[in-house]
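Take a look at the structure below.
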Amino acid sequence: MKKIIAAAMLVASFALVSASAKTKVTEEVRVKIIDHQNSATGGGLPDWVKATREGSTRKVAKALDIDYKENHLFVIIGEGPNKEFLKTWTRQVNGASQISQEFERVVAEVTQAEFEGKSDTEKASANEAAKIYSASMHNLVLNGLEKAAEYWVLQRTLAPEYSSWSKMEKALKNAKKKAKGAEVNTKDYYTDQYVYYIVYNMDNTTYTRQLEAAMNDVADNSTESVLLKQSLTTKLQDALIPSRAIVDTPSDDE
């Protein structure tokens, strides 16, 4: 098994269009679901999965019957070409560790955003504080974190050179005709990827207490560190901060 490469993305950038395996996809949509966990039994895509793909925190909580005001939600997203490897990853993944990695990324992002255009002295001071915050977030254990739900889908993504599914399908049909029975590399036309969603939640009071304890480990010894702490506290109170892990495993034919 190859290594797991972790990358992160904010909920604002995670806005794929929700569709079930039987839903017709419009020309504008470049990603569609072609299979999912409930397909074999004729079930539809759960509402919480749709809400996660739309980036709607409140809908995720409502669909899972979780009190939105009393709980803090996190979503971890794993992707890979092999469903069995991905399922193994979901059983082994440490939710708290994945979320802590996301927090470290948020520290870097907030530091860059807050001190863009500032003096070199201010940036240096902020970067020093950011290093300490990053270490503190890395060590954040998040006691009380509970897994609320998990689900897999198989999604197909249109190759960038095609503007619509119909154009891709026409090109693929022509390619197969010219190949005269020889194998055609479909990756030139689309890619299939399994996606696993895991939702974690924890009591808001518990989360806030642990977050504050981690933040207070960093001394407020400069204007920059105080400003950074304020921005980070606000940012990390946002619910639903998805983390995406690219599970780089061999495909079934390797």
Could you check the simple spin-label distance between I34 and E183, using points 7 Å along Cα→Cβ, in nm with one decimal? 1.6 nm
List the pairs from K32/K167; K167/K187; K83/K173; K87/K235; K50/K167 whose alpha-carbon separation is above 19 Å, in the order I gave them. K83/K173; K87/K235; K50/K167
Under unit Cβ charges (Lys, Arg +1; Asp, Glu -1), what dipole magnitude, rounded to 20 debye, does segment 20-156 have relative to its Cα centre? 640 debye
Sorting check: for 49-61, 203-215, which peptide has the highest mean count of neighbouring beta carbons within 10 Å, and how do the rest follow? 49-61, 203-215
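So if R0 is 45 Å, what FRET efficiency would S222 and N94 give, r being the distance between their Cβ atoms, rounded to the nearest 0.05?
In this case the efficiency is close to 0.85.
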Would you work out the Kirkwood radius for segment 58-109? I mean one over the mean of 1/r across all pairs of different Cα atoms, in Å. 13.2 Å
Probe 1.4 Å, protein heavy atoms only - accessible area per residue of segment 58-170 in square angstrom: 52 Å²
Kirkwood Rh over alpha-carbon pairs of segment 75-200, then Stokes-Einstein at 4 °C and 1.567 mPa s: what D in µm² s⁻¹, rounded to an integer? 70 µm²/s
Please compute P(r) over all alpha-carbon pairs of segment 27-130, binned at 5 Å starting from zero, and give each bin as a whole-number percent. 2, 9, 12, 13, 18, 14, 11, 8, 6, 3, 1, 1, 0
Please report the carbon-and-sulfur percent of the accessible area for segment 58-203; probe 1.4 Å, protein heavy atoms only, DNA, RNA and ligands left out. 46 percent
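The values are calculated or read from the model by the stated rules, or taken from the named source; none is laboratory data. This is a predicted model, so every value here is computed, not measured. Every residue, glycine among them, receives a Cβ derived from its backbone with ideal geometry; neighbour counts consider all protein chains shown. When the accessible area is computed, the model is the full protein with side chains, heavy atoms only, and any ligands, DNA or RNA have been set aside. Shrake-Rupley method; radii C 1.70, N 1.55, O 1.52, S 1.80 Å.
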